[in-house]
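Here the structure comes first, spelled out in structure tokens, and everything after it is commentary.
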Ligand SMILES: Nc1ncnc2c1ncn2[C@@H]1O[C@H](COP(=O)(O)OP(=O)(O)OP(=O)(O)O)[C@@H](O)[C@H]1O
Ligand SMILES: [Mg+2]
């Protein structure tokens, strides 16, 4: 469904993403790991259209989307969450999700009441309905992460790109988020690429792991195989995990 070939993105002298190629099949759930600065967020930013690559190609559902704008890709079914939640802080939780619903492909056909109803439905999936009237500025990080997921899901994506859903959360909250991600994957028939640093959780939540290091894709394999690759152990994981 997604095909990334020889993707490269530079920021000045830094090659944030360096000739990265991989394919994603419909229904896959893929973990994307690597040390700080490895290029994970940049890769997600390139796939979602937040940045355009310097070279390389991205195909989605058979179409070349390399030059498409972010909102065009969103309408095709590519949704993402941000490492630092990007919500509208002076609006309530439900208004943020409504905003996504109204901006989606089907949004122009919905009345405000219908959009409100849909937003409530997505908040409820993440147990956030009770917080619907709270201003985003007043929500703790855990609820901001849930709200980011609700907003992304409200776009009815085919592929969901998650950039660190667990950063800043305590272990119990991280567990709940991982359960919710697995639940929405099944219920909404999603394909997922999921960046995360909490290896224990990502390893058991995904079937395939991509490892980035200094902009390069250095591994693409099952969690079991990835943790045993010497270059991965050296680059990231540390002997103790193995
Ligand atoms: N907008 C930008 N301008 C300049 N440099 C950038 C920009 N975005 C990323 N970089 C650089 O590109 C490299 C990759 O950054 P990126 O954020 O993709 O890494 P990451 O793997 O997501 O790291 P982390 O785990 O810390 O989130 C880093 O050296 C970073 O400083
Ligand atoms: Mg990042």
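Screening residue 147 on (1) assigned by TED's automatic domain parsing to the domain that holds residue 42; (2) part of a helix (DSSP H, G or I) shows it passes everything except condition (1).
Going by the structure shown, is residue 154 surrounded by 15 or more Cβ atoms within 10 Å (Cβ to Cβ) and within 17 Å of residue 181 (Cα to Cα)?
Considered against the rule, which asks whether it is surrounded by 15 or more Cβ atoms within 10 Å (Cβ to Cβ) and within 17 Å of residue 181 (Cα to Cα), residue 154 comes out as yes.
Listed conditions (1) surrounded by fewer than 21 Cβ atoms within 10 Å (Cβ to Cβ); (2) in the same structural domain as residue 179 (by TED's automatic domain parsing) are all met by residue 47, apart from (1).
Considering segment 51-84 alone, what residues qualify as being within 16 Å of ligand 2 (Cβ to nearest atom) and at pLDDT 95 or above?
First, pick out the residues of segment 51-84 that are within 16 Å of ligand 2 (Cβ to nearest atom): 51, 80-84.
Correct list: 51 only.
Residues that are at negative phi, within 14 Å of the chain's Cα centre (by Cα), within 16 Å of ligand 1 (Cβ to nearest atom) and crowded, with 20+ Cβ neighbours inside 10 Å occur at least once in segment 164-181. Where helices (runs of 4 or more DSSP H) fall wholly inside segment 1-109, the ranges with 3 or more residues that are touching a residue at least 40 places away in the same chain (Cβ under 8 Å), more than 15 Å from the chain's Cα centre (by Cα) and away from ligand 1 (no atom under 16 Å from the Cβ) are 93-103. Determine whether residue 132 is within 17 Å of residue 89 (Cα to Cα), in contact with a helix residue (DSSP H, G or I) (Cβ under 8 Å, 6 or more places away or on another chain) and within 16 Å of ligand 2 (Cβ to nearest atom). Considered against the rule, which asks whether it is within 17 Å of residue 89 (Cα to Cα), in contact with a helix residue (DSSP H, G or I) (Cβ under 8 Å, 6 or more places away or on another chain) and within 16 Å of ligand 2 (Cβ to nearest atom), residue 132 comes out as no. Output the residue which, of all residues in segment 169-204 that are assigned to a loop (DSSP other than H, G, I, E, B) and within 13 Å of ligand 2 (Cβ to nearest atom), is modelled with the highest pLDDT. Going through the qualifying residues, I end up with 196.
The values are calculated or read from the model by the stated rules, or taken from the named source; none is laboratory data. As the structure is a computational prediction, the values presented were derived from the model and not from experiment. FYI the Cβ positions are ideal-geometry reconstructions off the backbone, even for glycines, and counts take in every protein chain you see.
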